[in-house]
Amino acid sequence: MHATDPDASGDNDLLAGYRPVDGIYDELIGPDGTPHAHWRPFLDGLKAMPEGELDQHWETALRLIRQHGVTYNVYGDPNGEQRPWELDTLPLLIPAHEWEMLERGLKQRARLMNALLADLYGPQTLLKDGVLPPALVYANPNFQLPCHGIAPSAGTFLHIYAADIARSPDGRWWVFNDRTQAPSGAGYSLENRVITAQCLADPFRDGRVRRLAHFFQALRENLRALARNDDPRIILLTPGPLNEAYFEHAFLARYLGYPLVEGADLTVRDNRVYLKTVGGLRPVDVILRRVDTEWCDPLELRPDSALGIAGLVEAARAGNVAIANALGSGLVECTALMSFLPGICDHLLGEQLILPHVATWWCGQEDAKAYVLDNLDRLVIGPTFETPTLVSTAPGQVYGGDLDDEARRALITRIQERGYDYVGQEAVTLSTAPTWEDGHLTARPMALRMFATALGDDYVVMPGGLTRISSGHSTRAVSMQRGSGSKDTWVLSNTPVDSFSLLSQADGDVVLRRAGDDVPSRAADNLFWLGRYAERTENAMRLLRSLLTRLAEDPVQDGDGNVVMQKLLFMLARPGDIDGLMRKRGRPLSPNQLEQRIQAYLFDPEQPGGIPQLVRTVNGAAALCRDRLSLDAWRTLDQLHTQVRSQRPRIWLDIGDASAVLNDMLRTMSAFAGLGMENTTRTLGWRFMDMGRRLERAVATVGLLRGLLAVGDPERFGYLDRMLELADSFMTYRSSYVSMPRLVPVLDLLLIDESNPRSVAFQLGALEDHVDRLPPVGATLDRSPEQRQLLSCLAAVRLADVHALARADARGRRLELDMLMARITGSLAELSETIGRHYFSHADLGRHADSITLNRIFEP
């Protein structure tokens, strides 16, 4: 290694200690030990920053990543499925003259891959003329025979193409992976740009950095051109929230304005694809897929797939739906094809390859196999048909020089016996790029993924890409599954750049629309449960705050006070027949036991129905519909998650500290509820989320009334004050009554008063309004079952005699109140089931498996 000369570079302390690796191309420092010319203005901008500002930018990037919920799911990760996206705030800079060559090379390669797919799924002249061995096609698991002969719209198979490239030690760019199935990373590239441009606003503005929006505009124009009508329905098909790049799917769907759907949201009728919405079936014209081909159709492709749509291949064959990329496009990702690409390019395009690729030898040919065996120690050996993921090398790849004698002999034997299963490649030596670590610059190995999208007869290349950096110093490979990160990629321009953005476009002739009823049923289902879980969490917080207040007022909690505390605690666990639960338990809890229970509900992540579990449930439900949540709503939920995650189980309960924590959380929950009411368009999606919230609030209030008022003297035990506090109705009561809380007016306020937004009647009235505006399930003009349920329930509440409800028998039981509350509880449970059956019936019940325990605890 050699260190840069600060005096020669003129960059003072910024480059002090920066050490490029000898014999490796460095993106920042040239062979003479000074920065490359295109880096110098950027470095000057960094130098002008006050001391410590780069560290602040780093912290800002981490905060924005967390607030935006940028994650990458790692299969088999012992620390959990989701990892925060790792972003280094220093971008990779590519000068204009280099980019011109890369852009031409990527366009050519995209056209070549598209022509190759058209030939292999069409006339197969490459096989007939001996340019390509048939074994690399027919033995390839990504060759989908049912897709042979399907002519895609406009003859384009590849609508999005990606290539992984790296520099050789002499500075030339080489391709080491082609991605044609459903390339990931474009959304992450855009998110990296959003965050980096915000953190480094001045260098970005002054550096003439080319914008990414033109690429996504071209993608939208291309997809729109695939449809046969002027107002197409375009959807983004995702495998679901467990997929490694689900964040990107949701982010792109929101950015491009497409519904994010899963296979279960679609159906095929008469060779046409339809989207299941709460308003009925809606025809789909174009599918931007993020599901690998083999999983797309259980009828003709993989029969055990639960991710696809039965009949999709036949719909594509009939020309009734356009799919980007076309089914079967993963065929040309095969690494072994690289050794034949020069001949294929000459055969199909009559051109020489502009971008070279890593030297490759397929061991299915005797001369190639002999070369691999003779040079095993300096080659990377891998399976013929395995391809890498977004952030990892292909499974099964080994570096021959790293093998011990026994492993080496075993590999040689396998290659000799089954050479067609193996491919050898020259070991990729990655260049290094500067990263900001611990207050100084460090050289880390990097690779770049570039993207192109079809437009007309050519391709548009994203002026940037996803730069990946290794956390270690090895220059052989980059794998985020071993802890690597990413960078924004700045393509510099010699001329001023425009500020075009899809987020703000010029006015033009557009078709005016209002939000309709084409909300996918699964999205409505997820929004409904998000509303329920959010309200459930808020109710639990209010109950715990009330318990803490009571405990602060009377730490001893004996006698009547103990009864009140235990009833509230049981309300937290299971609203309903609280007295029956207490009788079953027998012996009352001691003050110490009460504190331990409260502390567990507050801080123990394993406590069923506790705040940590409830907040995880809310975040899980939000993640399932994140493409329909605003960024502010997501940030609010992230803040709540951060508040909970920062708490740790205490040895003893500090009432003041715990109350402050709960108040902060309640303010955050109130902010989320306010965003839902004031910042959400009144679509059916909003209605379902508000229905979930109203139904849950009604359940909680009914449980409160039944649990605390059905038996005993509530005025003696002080229940009425607690009920008004829990229902956030204390000031409302005081504005109407100057006396201390009395049973009849409290019961009227919380049950019957429709002007009180916390009353049961108000919730039922809001639910009735929502249900009346839902699309009818059938053609009948009769009231729907859910309308009948609500009308009956609301009539019972409106006609109730509050004085009769408050009247107790000789044993202190208010049987009429108990019966009414039991009836409402049953009606609400039936209403929830009816709504689910009519509007979410196709949804996978397992989606809410994490909340089964909570459902059993809280369901009416």
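The values are calculated or read from the model by the stated rules, or taken from the named source; none is laboratory data. Keep in mind it's a predicted model, so treat the numbers as computed, not measured. As a convention, Cβ positions derive from the backbone with ideal geometry for all residues, glycine included, and neighbour counts pool all protein chains shown. All accessible areas refer to the heavy atoms of the entire protein, side chains included, with ligands and DNA or RNA removed. Shrake-Rupley method; radii C 1.70, N 1.55, O 1.52, S 1.80 Å.
Data overview
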item	result
Note, ³J(HN,Hα) from phi for the range 21-33, Karplus 6.51, -1.76, 1.60, rounded to Hz, x at Gly and Pro	8, 4, x, 10, 5, 10, 5, 9, 9, x, x, 7, x
Solvent-accessible area of E417 with every protein chain in place, 1.4 Å probe, in Å² to the nearest 10	130 Å²
Rounded to 10°, Cα long-axis angle of helix 53-68 versus longest principal axis of the chain	60 degrees
Protection-proxy order for peptides 316-322, 350-356, each taking the mean of Cβ atoms within 10 Å per residue, highest first	316-322, 350-356
Considering only the chain, percent of DSSP beta bridges that pair antiparallel, nearest 5	75 percent
Estimated 222 nm signal from helices in the chain, with DSSP H stretches of n ≥ 4 weighted -39500 (n - 2.57), rounded to 500	-13500 deg cm²/dmol
Sequence-separation-based contact order of the chain, relative, with Cα cut under 8 Å and 6+ spacing, percent	14 percent
Highest average packing first - 373-382, 83-92, 691-700, Cβ atoms within 10 Å	691-700, 83-92, 373-382
Folded to 0 to 90 degrees: helix 785-798 orientation relative to the chain principal axis, Cα	30 degrees
Nearby aspartates and glutamates by direct alpha-carbon distance to K369 (threshold 15 angstrom, same-chain neighbours under 8 apart not counted)	D377, E417, D421, E426
Candidate lysines for bridging to K47, where Cα separation is under 27 Å - those fewer than 8 sequence places away on the same chain excluded	K487
Nearby lysines by direct alpha-carbon distance to K567 (threshold 20 angstrom, same-chain neighbours under 8 apart not counted)	K584
Given (1) 203; (2) 214; (3) 243, the label whose value is volume of the Cα convex hull per residue in Å³ derived from this model	(1)
Interchain or long-range residues, amide H under 5 Å from T89's placed H	W436
Note, ³J(HN,Hα) from phi for the range 370-383, Karplus 6.51, -1.76, 1.60, rounded to Hz, x at Gly and Pro	4, 5, 4, 5, 6, 10, 4, 5, 10, 10, 9, 10, x, x
Angle in degrees between helix 405-417 and the longest Cα principal axis of the chain, rounded to the nearest 10	80 degrees
Accessible area of the chain belonging to carbon and sulfur atoms, whole % at 1.4 Å probe	50 percent
Backbone HN-Hα couplings from phi across the range 765-775 [Karplus 6.51/-1.76/1.60, Hz, Gly and Pro as x]	x, 5, 4, 4, 4, 5, 5, 5, 9, 6, x
Accessible surface, the range 735-799, averaged per residue in Å² (probe 1.4 Å)	50 Å²
Residues whose placed amide H lies under 5 Å from that of D518, excluding near-sequence neighbours	none
Mean accessible surface per residue for the range 269-325, computed with a 1.4 Å probe while every protein chain stays in place, in Å²	38 Å²
Protection proxy ranking of 336-345, 801-810, 306-315 - average other beta-carbon atoms within 10 Å, highest first	306-315, 336-345, 801-810
Other-chain or far-sequence residues with amide H under 5 Å of A800's (modelled H)	none
Cβ-based charge dipole, the range 180-298, positive-most Cα from A197, A182, V273	A197
For the range 102-152: accessible area per residue (Å², 1.4 Å)	37 Å²
